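Please treat every number below as a calculation from the coordinates, not as lab data. Because the structure is a prediction, the values reported are computed rather than measured. Cβ: placed from backbone, ideal geometry, glycine included. Neighbour counts: every protein chain shown.
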Amino acid sequence: MSTVGAPDPAGARWIRRFRAAEDAGVRLLCLPHAGGAAGFYFPLSQALAPDVEVLAVQYPGRQDRHREPGIDDVRVLADGVVAALLPLLDDRPLALFGHSMGATVGYEVARRLEHGAGVRPAVLFASGRRAPSRHREEWAHLKDDAGLAEELRLLGGTDGELLADPDLLRMVLPAVRVDYRAIETYRHRAGPELGCPVAVLIGEDDPRVTLDEATDWRHHTSAGHTLDVFPGGHFYLNDVTEQISGLIADRMTSLRATGGLARP
């Protein structure tokens with residue numbers, strides 16, 4: 001996995017790619033879940049190669065960025081992503097894919113791109129997350145380490161060996177806690193909504209999002225939304241990577257026909 005070059009070395013730490021894909025007609029920027037890292041999207045990048053260049057965000061506070069303080073504010077995270085991404089944009093259509101917390105970060109990134117930088121993403125794929133305006137009171141970030149680890153067990157998606165190793169847990173839980181604080185304290189702010197379509201994907205047994213909460217993404221775009229439900233829970237996409245990549249590839253194929261970044 002390589003870091004995509006950028007004029008600002010600090011910004012380059014945010015954006016990763018797993019293989020060179022200069023000839024790909026479209027780009028997909030992927031944003032991880034709470035506690036997640038860029039490598040979570042390696043299987044998706046392999047499935048979409050070579051037609052789609054997959055970029056993945058590496059949040060501070062984990063893996064090779066573990067010495068950097070984590071960011072406990074979704075909007076500040078979005079600011080960092082946008083600052084790192086803008087120097088890398090070219091004329092290829094750009095889509096965003098975020099899972100769980102990453103869907104909300106992706107929404108805020110899309111807002112900033114469209115209404116701040118004049119760049120409209122082609123589509124936002126919002127996976128495993130309720131609409132930004134649908135708030136729940138959640139306090140996992142205030143639990144002790146044992147409680148936070150149990151939260152990870154309940155949601156699945158975390159390596160069982162990691163959860164069983166106290167030393168590894170001590171290393172990863174600070175980043176998990178910061179991310180949980182960011183998403184659990186997030187509150188949607190009124191303002192211009194998206195001019196790109198939103199493709200919503202959820203697991204039918206996800207305890208963190210209901211069908212009704214997912215459907216309300218329709219209020220956050222003027223370009224329409226779709227909703228696909230898959231078997232599984234919060235990390236349903238780990239079990240249906242081929243189906244997810246097929247859905248994305250179909251949408252991205254249509255983007256290649258339009259060509260170019262959209263400018264409002």
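Worth pointing out:
- Antiparallel DSSP beta bridges within the chain, as percent of all bridges there, nearest 5: 20
- Checking every one of the GluC sites (Glu not before Pro) in the stretch 83-180 against DSSP loop status and a limit of 15 other Cβ atoms within 10 Å picks out GLU137, GLU138.
- When you restrict to C-alpha pairs under 8 Å that are six or more residues apart and normalise by the size of the chain, the relative contact order lands at 21 percent.
- Low-density loop cleavage sites - chymotrypsin sites (Phe, Trp or Tyr not before Pro) in the stretch 114-185, where at most 12 other Cβ are within 10 Å (DSSP): TRP139
- The stretch 189-242: C-alpha gyration tensor shape, a/c 1.5 cut-off, then a/b vs b/c: prolate
- Taking amide H as placed 1.01 Å from N in the peptide plane, the amide H of LEU29 sits under 5 Å from that of LEU55, ALA95, LEU96, PHE97, each at least 5 places away or on another chain.
- The stretch 149-262 - percent relative contact order, Cα under 8 Å, separation 6 or more: 24
- Computed over the alpha carbons of the stretch 118-203, Rg followed by Dmax gives 16.2, 47 Å.
- When the convex hull of its Cα atoms is projected in every direction, mean area for the stretch 15-132 (nm²): 7.0
- Around the amide H of GLN58, modelled in the peptide plane, lie the amide H atoms of ILE15, ARG16, all under 5 Å away and 5 or more residues distant in sequence or on another chain.
- Highest to lowest packing among 185-193, 59-67, 27-35, scored as the average C-beta count within 10 Å: 27-35, 59-67, 185-193
- Quarter the surface of the alpha carbon convex hull of the chain and you get the mean projected area, 12.7 square nanometres.
- Relative contact order computed over the stretch 1-148 (Cα-Cα under 8 Å; 6+ residues apart), in percent: 23
- Descending semi-axes in Å of the stretch 65-208, equivalent ellipsoid built from Cα gyration tensor: 29, 17, 14
- Spatial extent of the stretch 128-264: Rg and Dmax, with the Cα atoms as the point set, Å: 17.6, 51
- Other residues whose C-beta falls under 14 angstrom from the C-beta of SER133 contribute a net charge of +3, scoring Lys and Arg +1 and Asp and Glu -1.
- Most to least packed among 220-231, 36-47 [average Cβ atoms within 10 Å]: 36-47, 220-231
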